[in-house]
Protein chains: 2
Amino acid sequence: MFLDAASGEPMDPVAREAYLAALEDGWADADRLYREGRRARMLLDAAREAVAEVIGARPDETVFTPSGTTAIHAAVAGITQSRSLRAGGVGGPRIVTGAVEHSAVLHAAEFTAARVGGERVSVPVSRYGAVDLDALAAALTTGGTASPAVALACVQAANHEVGTLQPVERAWELCADAGVPLLVDAAAALGRIPAPRYWSALCGSARKWGGPSGVGVLAVRKGTRFAPAWPEDERERGRSPGPVNVPAVLAAAAALRARESERDTVAARHRELVDRIRARVAESVPDVEIVGDPERRLPHIVTFSCLYAEGEALLLELDKAGFSVSSGSSCTASTLTPSHVLESMGVLSHGNVRVSLPWGITAEDVDRFLDVLPGVVAAVRAQAPSTLTAVAAAVATAAESAASEPEPTTGQQTSATAVVINALGRKCPIPVIELAKHIDDVPIGGTISVLADDVAARLDIPAWCRMREQTYLGEEPVPERGADAVAYLVRRDR
Amino acid sequence: MFLDAASGEPMDPVAREAYLAALEDGWADADRLYREGRRARMLLDAAREAVAEVIGARPDETVFTPSGTTAIHAAVAGITQSRSLRAGGVGGPRIVTGAVEHSAVLHAAEFTAARVGGERVSVPVSRYGAVDLDALAAALTTGGTASPAVALACVQAANHEVGTLQPVERAWELCADAGVPLLVDAAAALGRIPAPRYWSALCGSARKWGGPSGVGVLAVRKGTRFAPAWPEDERERGRSPGPVNVPAVLAAAAALRARESERDTVAARHRELVDRIRARVAESVPDVEIVGDPERRLPHIVTFSCLYAEGEALLLELDKAGFSVSSGSSCTASTLTPSHVLESMGVLSHGNVRVSLPWGITAEDVDRFLDVLPGVVAAVRAQAPSTLTAVAAAVATAAESAASEPEPTTGQQTSATAVVINALGRKCPIPVIELAKHIDDVPIGGTISVLADDVAARLDIPAWCRMREQTYLGEEPVPERGADAVAYLVRRDR
């Protein structure tokens, strides 16, 4: 069962039909004067009007790009470029982004800012992942007055990983006061909730609303300056590099329209299903943290993290059981660091599972997942002992070698009030598992110090303390144990 | 009947089937670990192998982009960027291109060179449109030794407008000697002739081989330095911005494979059909110039220009008669200047028609076109009288006003040995039509001077002289008649 709609859904049957029809009538180059070209142009114009209406833009503000990523690249580069051309050399323009924006926004902002000698400024978020408006206001101004050095601000409509809605309307007011254009990445939101109304530029991706791959949308409000940052191209008002994929655009428009017409009904059903997941997961899976705003959220996304479980192992076990989900944990696929979203929120990063509901999912589907999940989590956690045996062996070896060394932090050392755990070289979630195993080795009021060099520990040990009501005292580097070695200090409170 | 295959064909049925199959099995994000993602990855890998085999590349040298245009942008920027990073400040890198490259190559080269403080250097072509190898060699070297300032050379496999094959293998040898990477734009050639074998980077577009919109291919040979000039993206080795459209890539691979298997048979048939068009057009349409190499050419493209006829009018009349062709003439659609290809070749630019044969065309189709063409050309030329009446009226008025002016070049003035024609403010082909009408007003050995401000006259008057065996003497500006006013001097020889 596919539960990763937020990464892109199968193409909606409506879109499939529209695509096939467009292969007959809309396959030609829409810039040509002959009949096939004119027909493609007519269809493209109709698709543009349909999409523009849904996103609350004028057709002449709306262009199609080859992907949501391209739309974001184009918007960030095009607006920044026009503003930095205008501002001249005021010390390099800044691009202000929320800390939990999609990686395409962060990469585009960093790349574009660097190219014009500026920098990206990150605005922190709450524990739920909502952008901090006071921090945003501060980033947009210098000493209380609008800063001419800020070229662009980027705030998503809703977070793609945890579903939290962003305060876009308030962000827009702050940007308007500061005279800074606001780019709203609405990729996770379009088709699921009403399109945001306040923005200078808006981006979306058809794959997220049941349209085909190969279509992004970029709307730029009249009056927003825009200077393309790529080679000259006369198509799509020069705002998208390369030709328009007319059949795919028609399919995208058909899907968006179809979804809009059912949106509120489906969203209400999804909201209930997500409520059910939130409740059942909290109740049936021990040691779990459900992340993201429980109320101000997208209807179809729910994310939770399971203590003492490895994210990739959860994904693979769920896949074996027939469920496809995604994860923001490190140690999944090619990423070695946890999701920047979870990191910015300061929540547990290991054992992470994102469930995002495809359009036609049923309550029975969700129940099947909920029936299987606790057993899968338990099985993944049960795999741990073998790993822990290896750890215990490593620790023992380290302790032995420590016996011949003067350095007291080597190995594991127990005293009345302090314990040192060696988890160096061990990946998440081992450091937290070791901490949990050994917390009772010190009396209440005593401290335990976990040596670790996996970056996820920085997130997971404080998160564990919060979940377990222990006190996290802080960290200190231990350079004599390695360049990345850090000691995390915890006080046992209960 | 669609005769503009070089702009992109309808999707091949094989590609349509592959796309529909991929919507079932290859719709998911190929970077995901679950079954749907793994299946998409397998299909994508298979498509990559198939395309790589056809283009003579290794799969790990081959990436997919959202279009042929994007592939070109990526190649030009990526290679230039890596070379200019390496070379440091040697006075700005140069990008050497043939004069008749696709506009996407010219725009990318100009944009990229400007961005790194360099420039594009254009290499002239022969009357047939083949790149001048001596000029290429000179552009690649400084005083006979390899120039470190040349970052990249771009030579297409074959010209997209007139079909002429380029001497790519010789160009490659010159580039290798000079230590300059060679980008070969093979968009017009792939699927029609064997893929070029000698290149540092190769680009193509699936639309040109019966694949879907939304797929370009970029191959970069091992050992060619490449530094992406866009925001970080882990997909497609960072060589294509944004995600891969897996279903479209599968369709593209299926189409390319199918075409390769029939290629030589179809090419032989097309070559005969083009020979027939070349012969019949020359025979049945008076005052026509067939452009491009008659032998070293793509099998499916033929281009000719009809004296005294307006390109856009030809296109529209052919469209009314049911034939869809393209034109490199100015005054078509939104362009106001003639095609840079025709201009660089120094051939007649008005009344231009490009016929490019779709895959399944029959001899009967071609004959129907050839039956209709002479009548259409005659009808378009016959429209001229009304225009010419207007011209004649304008000329008369000008002549009248000239009577009250001391300036002898005003209006039309006849003497024993010299005539001045006023075609100021008249668009192509009026200046040439006026020239043809009045050439007999001077005796053999006499001169005629055409005043014109349409840029196409610069191309068309010398071309007319060549076709008519008259001598073109040159041009001189006539600033007192307007900033763009030029007098073109012709000697009557027969």
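The values are calculated or read from the model by the stated rules, or taken from the named source; none is laboratory data. Note that the coordinates shown come from a computational prediction; the quantities given were computed from them, not determined experimentally. No Cβ is skipped: glycine too gets one built from the backbone with ideal geometry, and neighbour counts run over all protein chains shown. The protein model used for the area step is the full one, side chains on, heavy atoms only, and it has no ligands, DNA or RNA in it. Shrake-Rupley method; radii C 1.70, N 1.55, O 1.52, S 1.80 Å.
Some observations on this one:
This table checks each residue for (1) in contact with a Gly (Cβ under 8 Å, 6 or more places away or on another chain); (2) closer than 29 Å to A:E312 by Cα; (3) surrounded by fewer than 24 Cβ atoms within 10 Å (Cβ to Cβ).
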| residue | (1), (2), (3) |
| --- | --- |
| A:K437 | no, yes, yes |
| A:D441 | no, no, yes |
| A:A452 | no, yes, no |
| A:M467 | no, yes, yes |
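- Cβ pairs under 6 Å, 6+ apart, first in the stretch A:158-170 and of a type in the set (G, A, S), second assigned to a loop (DSSP other than H, G, I, E, B): A:A158/A:A188; A:A158/A:A189; A:A158/A:L298; A:G163/A:G292; A:G163/A:L298
- Restricting B:L348, B:L318, B:L307 to those that are surrounded by 22 or more Cβ atoms within 10 Å (Cβ to Cβ) and within 19 Å of the chain's Cα centre (by Cα) reduces the list to B:L348.
- Exclusive hit being under 29 Å from B:A268 (Cα atoms), touching a strand residue (DSSP E or B) at 6+ places or on another chain (Cβ under 8 Å) and among the charged types (D, E, K, R), set B:D185, B:D177: B:D185
- Meets criteria (part of a helix (DSSP H, G or I) and small (G, A, S)) for A:A195: no
- A search for C-beta distances below 6 Å between a residue of the stretch B:354-374 that is under 23 Å from B:L342 (Cβ atoms) and any residue that is in a strand (DSSP E or B) and of a type in the set (S, T, N, Q), counting only pairs 6+ apart in sequence or on different chains, returns B:R354/B:T303; B:R354/B:S326.
Listed here are the residues, each with its yes/no results for (1) farther than 19 Å from A:V215 by Cβ; (2) at the interface with chain B (Cβ under 8 Å from one of its Cβ atoms); (3) basic (K, R); (4) part of a helix (DSSP H, G or I).
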residue	(1), (2), (3), (4)
A:A22	no, no, no, yes
A:R32	yes, yes, yes, no
A:R41	no, no, yes, yes
A:A46	no, no, no, yes
A:A50	no, no, no, yes
A:F64	no, no, no, no
A:I72	no, no, no, yes
A:A75	no, no, no, yes
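- Check on B:V100, in a strand (DSSP E or B) and either within 23 Å of B:V168 (Cα to Cα) or among the charged types (D, E, K, R) (or both): no
- The residues on offer are A:A187, A:A114, A:A108, and the sole one that is within 14 Å of chain B (Cβ to nearest Cβ), of a type outside the set (V, I, T), part of a helix (DSSP H, G or I) and within 17 Å of the chain's Cα centre (by Cα) is A:A108.
- Of all residues in the stretch B:1-20, those being open to solvent by 40 Å² or more (accessible area, probe 1.4 Å) and either within 22 Å of B:G242 (Cβ to Cβ) or within 11 Å of another protein chain (Cβ to nearest Cβ) (or both) number 4.
- Residues in the stretch B:206-219 that are more than 9 Å from every other protein chain (Cβ to nearest Cβ) and not basic (K, R): B:A206, B:W209, B:G210, B:G211, B:V217, B:L218, B:A219.
- Selected residue [at pLDDT below 95 and crowded, with 22+ Cβ neighbours inside 10 Å] from A:T80, A:T62: A:T80
- Matching option when the condition is assigned to a loop (DSSP other than H, G, I, E, B) and either within 11 Å of chain B (Cβ to nearest Cβ) or at pLDDT below 95 (or both), among A:G89, A:G129: A:G89
- Entry remark, the stretch A:220-271: residues being β-branched (V, I, T), more than 12 Å from chain B (Cβ to nearest Cβ) and either part of a loop (DSSP other than H, G, I, E, B) or open to solvent by 30 Å² or more (accessible area, probe 1.4 Å) (or both) number 2 in total.
- Enumeration of residues in the stretch A:289-304 that are surrounded by fewer than 24 Cβ atoms within 10 Å (Cβ to Cβ) and part of a loop (DSSP other than H, G, I, E, B): A:D293, A:P294, A:E295, A:R296, A:P299
- Condition met for A:V432 (modelled with pLDDT under 90, within 18 Å of A:E475 (Cα to Cα) and under 40 Å from the mean Cα position of the chain (by Cα)): no
- Any chance A:G328 is of a type in the set (G, A, S), surrounded by 23 or more Cβ atoms within 10 Å (Cβ to Cβ), at pLDDT below 90 and under 13 Å from the mean Cα position of the chain (by Cα): yes
- Pair list, Cβ < 7 Å and 6+ apart or interchain, from the stretch A:92-119 residues that are over 16 Å from A:S82 (Cα atoms) to residues that are part of a strand (DSSP E or B) and of a type in the set (S, T, N, Q): A:T97/A:S122; A:A99/A:S122; A:V105/A:T97; A:L106/A:T97
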